[in-house]
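Notes to accompany the following structure.
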Amino acid sequence: MRIGILGAGNMADALGTQWAGAGHPVMVSGRDLGRSTAQAAKMRTQATRPRPVGASAASAAREPSAEVDVRAGTWAEAAAFGEVVVVAVREAGLGDVLQAAGPSMRGKPVIDVTNAAAPDRYDSTRPIARMIRDFTGGHVVKAFNLCHVDVWRMTPPVFDGRPLAVPLCGDDRDAMDAARTLVAGLGCTPLDGGGLDRAMQLEATAAFVIGLWFGGADAQAILPPLASSGTHGVLTYDEGRSGDDDGRRMPRRSPGTMLEAFIPGRRRSPVVTEVAKGSGYMTAFKVVAILNTAAVLAQAVTAGQLMSGAGAGLHGPGAFVVHLLGLVQLVVAVLMWRPGRAAGWPALVSVAILLLGFVQSMLGGSGAVAAHVPLGMGLFGLSVWLVVWSWRR
Ligand SMILES: NC(=O)c1ccc[n+]([C@@H]2O[C@H](COP(=O)([O-])OP(=O)(O)OC[C@H]3O[C@@H](n4cnc5c(N)ncnc54)[C@H](OP(=O)(O)O)[C@@H]3O)[C@@H](O)[C@H]2O)c1
């Protein structure tokens, strides 16, 4: 697998040397081609050295005679060279480098190893990995950012007899496969950390632990072993009540299985819903869903009065109230989904309710009662669905 590295510094040196030693052609890049060329030559020499005992399986399996291919190029040449492109530059230069690298990263696996310039300068509202994705159009996987560069020089990185696990956050299957291959090439264990939306957590974790290390603390000591993590069960909120004193829904655990909330790709995990609850958006949604349903029901009542000749004045304003509440419900559903990160489908159903409401009004206005009434019943059904869903949370 050809690897283009944006960067010719420490991380490019450590990772690129290992991958070159494992048989991958590598191209590094920097601001000065002469310096990058010298760096490539150094890496070639390092990668050609015999692998020590315990070296990664991929590098150990390499033919001793196989030629190590490390070269240097411009930012754009490295981006074009790589079947996978690794971003290993200082945050300060990221924008300029990506600009200079050009469009050839679009659709490719892009491994982002970058961290904030300093732990206290990390801005979690502007994740670096997302910025790289938006800038390049590549399939970004966040990886290798949690450990100091010296760890990536180890062959292999093993601590207390355990190979280092490398968390990967990305959305694209092929890009994740490429990242796993690169992790395995170092003799490490790839660990699926979820989608790219969780890369921010990896970046924040790096900022946090680096801050601890800078302060001289043993950051590894802050985490208990898995057996004491309390997360080796499935949290289920949907399997009925657990019998707690006040009858609230409580999570249950099924021993021996993974925490459901952390199975990558799960967007509607109980823990996520708990976040939405805590933010207050869920409560707001419950209230708006009830008001909306009541307004739709009231329309049925005033429609009956309208047909019997009474209450004509209320059906029109009632429709306005339904549209207004439909809009409010949609806004709250989106807020609940995004900042709270609850389920996204209530927002889609809310869009459907809002649009159907408009269609229904138009049908009513044009006298198409045969379609107006069943559509109203459909609207009511959708509204009740959201009420039931939200009040079961
Ligand atoms: N070092 C670590 O222990 C470690 C661990 C995990 C993650 N990281 C992250 O990995 C990335 C690379 O780190 P590194 O240790 O390889 O850094 P480095 O040795 O300082 O190399 C930085 C690379 O960025 C390039 N660059 C482009 N624009 C730049 C600018 N405006 N200012 C500074 N450099 C610029 C440099 O180009 P030139 O070659 O032309 O100088 C160089 O190739 C960083 O985001 C860092 O946070 C580092």
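Taken together, the values in this text are just the output of simple stated rules run on the coordinates, not laboratory data. These numbers come from a predicted model, not from an experiment. Heads up, the Cβs are rebuilt from the backbone with ideal geometry, glycines too, and the neighbour counts pull from every protein chain shown.
To the nearest whole percent, what portion of all C-alpha pairs in region 3-222 is separated by more than 32 angstrom? So the pairs more than 32 Å apart make up 12 percent of the total in region 3-222. Over region 271-392, calculate the relative contact order: mean separation of alpha carbon pairs under 8 Å at least 6 apart, over the residue count, as a percent. RCO, region 271-392: 34 percent. I'd like the FRET efficiency for Ala118 and Glu67, computed as 1/(1 + (r/R0)^6) with the beta carbon distance as r and R0 of 41 Å, rounded to 0.05. Given R0 = 41 Å and the Cβ-Cβ separation, E is 0.55. The relative contact order of region 3-222 comes to 21 percent, based on Cα pairs under 8 Å that sit 6 or more residues apart.
Residues Lys142, Lys108, Lys286, ranked from the fewest to the most other C-beta atoms within 10 Å, line up as Lys286, Lys108, Lys142. Projecting the Cα atoms of Ala47, Val84, Leu196 onto the charge dipole of region 3-222 (Cβ charges, centred on the Cα centre) puts Ala47 farthest toward the positive pole. Principal axis extents of the Cα atoms in region 102-241, from largest to smallest and rounded to whole angstrom, are 47, 46, 32.
By other beta-carbon atoms within 10 Å, ranking Arg173, Arg180 with the fewest at the front produces Arg173, Arg180.
Here Leu355, Leu330, Leu335 are placed in order of increasing Cβ neighbour count within 10 Å, fewest first, which gives Leu355, Leu335, Leu330. Shape of region 288-393 from its Cα gyration tensor (a ≥ b ≥ c, root eigenvalues): rounded if a/c is under 1.5, otherwise prolate when a/b > b/c, or oblate? Prolate, since a/c reaches 1.5 and a/b exceeds b/c. Magnitude of the charge dipole for region 3-222, about its Cα centre and with charges confined to Cβ atoms of Lys, Arg (+1) and Asp, Glu (-1), is about 360 debye.
From most to least packed by mean Cβ count within 10 Å, the peptides 209-219, 161-171 give 161-171, 209-219.
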